[in-house]
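All remarks here apply to the structure that follows.
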Amino acid sequence: VHILVTSRPEEDIKSCFEAWASAEEIVPLQSRLVADDVSAYIRKKVEQMDRWQTELDIQALIATALSEHADGM
């Protein structure tokens, strides 16, 4: 059985994981490493929003706001 568990790196959550998983099994995902992927996904989804198809400036504002607040998630 393979299990994937994801979470924000909160100290209480990390300590629970460390109780049943070895250090080699815990793979931290750093938000700066996935920020480009998250931003690309957001841009694509915003481009597909029917309401803002002709409003490129609004699309950019939406994508920027979502990307800045995504914090890699």
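The values are calculated or read from the model by the stated rules, or taken from the named source; none is laboratory data. Nothing here was measured: the structure is a model prediction, and the numbers come from that model. Note that we place each Cβ from the backbone using ideal geometry, even for glycine, and neighbour counts take in every protein chain shown. SASA here: full protein model, heavy atoms, side chains in, ligands and nucleic acids out. Shrake-Rupley method; radii C 1.70, N 1.55, O 1.52, S 1.80 Å.
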Checklist line | Mean residue ellipticity (222 nm) of the chain, computed from DSSP H runs ≥ 4 via -39,500 (n - 2.57), nearest 500 | finding: -18500 deg cm²/dmol
Item checked: For region 55-61, 3J(HN,Hα) per residue [Karplus equation, 6.51 cos²θ - 1.76 cosθ + 1.60, θ = phi - 60°, Hz, x = Gly/Pro] -> 10, 5, 5, 5, 4, 5, 4
Check: Under a 1.4 Å probe, what is the accessible area of the chain per residue, stated in Å²?
Finding: 88
Note to self: So if I average 1/r over every pair of distinct C-alpha atoms in the chain and take the inverse, what Kirkwood radius in Å does that give?
What the structure shows: 14.6
Item checked: Accessible area of residue 33 in the full protein assembly, 1.4 Å probe (Å², nearest 10) -> 110
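Once you have the Cα-Cα distance between residue 25 and residue 69, take 0.36 nm times their residue separation minus that, and quote the gain in nm to one decimal. Working shown, then result.
Numbers: separation 44, 0.36 × 44 = 15.84 nm, distance 2.85 nm.
Full extension of this stretch gives 13.0 nm more.
Could you tell me what percent of the accessible area of the chain is made up of carbon and sulfur, with a 1.4 Å probe and every protein chain present?
On the way: 3670 of 6460 Å².
Looking at the chain in its full context, I get 57 percent from C and S.
Hey, got the dipole for the chain? About the Cα centre, +1 on K and R Cβ, -1 on D and E Cβ, debye to the nearest 20? Before the final figure, lay out each step's value.
Details: 7 positive and 14 negative charges, 47 e Å.
In debye, rounded to 20, the chain gives about 220.
Mind checking region 1-31 for GluC sites (Glu not before Pro) that DSSP puts in a loop (not H, G, I, E or B) and that have at most 15 other Cβ atoms within 10 Å?
Working: sites: 10, 11, 18, 24, 25; in loops: 10.
Listed in order of number, the matching sites are 10.
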Notebook entry, point to check: At residue 17 and residue 38, where each label point lies 7 Å from the Cα along Cα→Cβ, what is the point-to-point distance in nanometres?
Noted result: 1.5
